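Student: First the structure, which I've put down as structure tokens, then a few questions once you've had a look.
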Amino acid sequence: MKINLKTTLCALPLAMLSNLAVAGLSTTITATSDYTFNGVSQTQGDATIQGSLDYADDAGWYVGTWGSGVDFGDDTSHELDFYVGNTTDLSSAWSLDYGIAYYSYHGFTDASSFNYPEVYSKFAYASSLGTTNINLWYSWDYAGKDVGHTIMMLSHTFDIADNHSITLSGDVSNSFDADKHAWDELGLDSSYTHYYISYTTTQFDFDLTFTLEDTTIDGEHSDDRFVFAISRTFDL
């Protein structure tokens, strides 16, 4: 079944809302072979450029914006997102990142109909075996559908050598309305699962990520795929 991206999930990649540990102003530029959200391509399998501008203070508060090219099969050309949140240590092992984000889409008159807000909370547990993350996202107007929606993720990251790490992750997207969810026009179920394995390293100040991922959606732009991304962060 071919997925029409105009009616699929449109959102900021989960990895973009990461903990901002260093206070100050920074920007990150990323080139990726495919912009996927929970395993569903937002660029019809094509490469794109992404960028962010972030500010964090010593108390753990941060604010930022993130943008990317998109292709939903119409004239929607780019996504621009905004977020504000806080990171805090709960104990020597546990930390919490929580905040609110707003996703907006641009390029033609009706692109803004996809806009929506979202709140999130992400718990991280660090041990000698690596870092385990338990994350939850919730929107009350997901993809502009006026429907509640959650994404729940469990992931674990561990080092295989100095400066070389592996992440194993699985997440479930679930709509509160089986008849009016973000992908109901495609005849799909109101929930689906996404899972991936990725390898990350940093070389010459560039972060390199290689990801294999798949979903339980049978579609051209949601089947198993390989994604490569290279990024660099600059302190301003």
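Any read-out appearing in this document is the output of simple, stated calculations on the displayed coordinates, not a laboratory observation. Being a predicted model, the structure only gives us computed values, none of them experimental. Heads up, the Cβs are rebuilt from the backbone with ideal geometry, glycines too, and the neighbour counts pull from every protein chain shown.
Student: For the chain, what is the largest minus smallest coordinate of the Cα atoms on each principal axis, given in angstrom and ordered from greatest to least?
Tutor: For the chain, the Cα spread along each principal axis is 46, 32, 32 Å.
Student: Also: Below 14 angstrom from the Cβ of Thr87, what's the summed charge of the other residues (Lys, Arg +1; Asp, Glu -1)?
Tutor: Value of the local net charge: -4.
Student: What does the extension gain come out to for Asp235 and Leu208, with contour length at 0.36 nm per residue minus their alpha carbon separation?
Tutor: 7.9 nm
Student: Would you please name the chymotrypsin sites (Phe, Trp or Tyr not before Pro) within segment 107-168 that are DSSP coil residues with at most 14 other C-beta atoms within 10 Å of their C-beta?
Tutor: In loop regions of segment 107-168 (DSSP not H, G, I, E or B), the sparsely surrounded chymotrypsin sites (Phe, Trp or Tyr not before Pro) are Phe108, Trp140.
Student: In addition: Taking square-rooted eigenvalues a ≥ b ≥ c of the alpha carbon gyration tensor, is segment 107-236 rounded, prolate or oblate, where a/c under 1.5 means rounded and, failing that, a/b exceeding b/c means prolate? Don't skip to the answer; put the middle values down first.
Tutor: On the way: a/c = 1.86, a/b = 1.71, b/c = 1.09.
It is prolate, given that a/c is not under 1.5 and a/b is the larger ratio.
Student: In segment 110-125, which residues have a backbone nitrogen under 13 Å from the label point lying 7 Å from Tyr138's Cα in the Cα-to-Cβ direction?
Tutor: 118-122
Student: Right, another one. Between Leu53 and Val119, what is the FRET efficiency for a Förster distance of 22 Å, r being their Cβ-Cβ separation, to the nearest 0.05?
Tutor: 0.55
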